[in-house]
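A.B. asks: Here it is, the structure in full.
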Amino acid sequence: EMCIRDSLKSAPFTKPPTLAAALERYLSETIVRHKGARSAAYRLRRITEELGGDRSIADITELDISAYRNKRLSLVTAGSVRRELVLISGLFQTARNEWGLRGLRNPVGGIKMPPDSPSRSRRLNPCERELLITQSKGVPYLHLAIQLALQTGMRQSEIMKLSYADLD
């Protein structure tokens with residue numbers, strides 16, 4: 001039964017699906033294997049709602065994508081919009097290359113992408129570092145996490161995912 005379900009899932013489309021149907025297939029076949037699958041799924045669902053999930057994927061145009069881009073640029077940073085456009089572009093590329101929708105155009109390819117956000121270079125100054133260490137001493141786990149972050153450069157999410165098996 002599982003083999004039959006898998007073969008149906010990866011079968012080519014005979015006609016362009018709705019954006020929502022294409023999204024669900026993309027999430028279950030492709031995004032599920034990505035490291036940031038949960039956040040990517042959330043973003044893609046929001047984009048799909050904005051573009052109109054009941055529309056055919058073939059009816060999404062560069063004008064739709066550029067209108068979405070412009071609206072988002074008024075709300076979030078260019079880097080966030082860029083990441084969202086890369087996600088939706090991946091859906092169109094997968095539909096075209098892997099689902100048999102050869103005539104499908106990727107509307108993201110026809111618009112100008114927002115520029116990358118500038119890289120960050122701020123570091124704690126010695127006074128801020130000392131204050132952070134001093135103020136965290138009353139909370140043992142927090143103090144250890146801060147010490148670990150300062151010594152290794154690990155991010156909060158990386159520290160939170162640590163287990164004893166990860167430590168030497």
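A.B. asks: Taking the mean number of other Cβ atoms within 10 Å as a proxy for protection, how do you rank 16-25, 113-122, 58-67, 141-150 from highest to lowest?
C.D. replies: Per-residue mean Cβ counts within 10 Å order the peptides as 16-25, 58-67, 141-150, 113-122.
A.B. asks: Compute from the Cα atoms of segment 74-168 the Rg and the Dmax, the latter being the longest Cα-Cα distance, and quote both in angstrom.
C.D. replies: Taking only Cα atoms of segment 74-168, I get Rg and Dmax of 21.5, 63 Å.
A.B. asks: Moving on. Counting heavy atoms of the protein chains only and a 1.4 Å probe, report the per residue accessible area for segment 68-156 as a whole number of Å².
C.D. replies: 69
A.B. asks: Suppose each label sits 7 Å from its Cα in the direction of the beta carbon; what would the A21-L144 distance come out to in nanometres?
C.D. replies: 5.3
A.B. asks: Taking all pairs of distinct Cα atoms, average 1/r, flip it, and tell me the Kirkwood hydrodynamic radius of the chain in Å to one decimal place. Please report the intermediate quantities before stating the final value.
C.D. replies: Details: mean 1/r = 0.0520 Å⁻¹.
The answer is 19.2 Å.
A.B. asks: Then there is this: Carbon and sulfur: what percent of the chain's accessible surface (1.4 Å probe)?
C.D. replies: Ligands and nucleic acids excluded, carbon and sulfur reach 56 percent.
A.B. asks: Taking a cut-off of 23 Å between Cα atoms, list the lysines near K35, but don't count ones fewer than 8 places away on the same chain.
C.D. replies: K9, K161
A.B. asks: A further question follows. Taking a temperature of 20 °C and a viscosity of 1.002 mPa s, what whole-number D in µm²/s does Stokes-Einstein yield for segment 96-136 with Rh from Kirkwood over alpha carbon pairs?
C.D. replies: Translational D for this selection: 139 µm²/s.
A.B. asks: What are the lysines whose alpha-carbon lies under 20 Å from the alpha-carbon of K71, with same-chain residues fewer than 8 places away excluded?
C.D. replies: K112
The values are calculated or read from the model by the stated rules, or taken from the named source; none is laboratory data. Every value quoted in this text rests on a predicted model; they were computed, and no experiment measured them. Quick reminder, even Gly has a Cβ in these numbers, built from the backbone with ideal geometry, and neighbours come from all protein chains shown. These area figures cover heavy atoms from the full protein model, side chains too; ligands, DNA and RNA do not enter into them. Shrake-Rupley method; radii C 1.70, N 1.55, O 1.52, S 1.80 Å.
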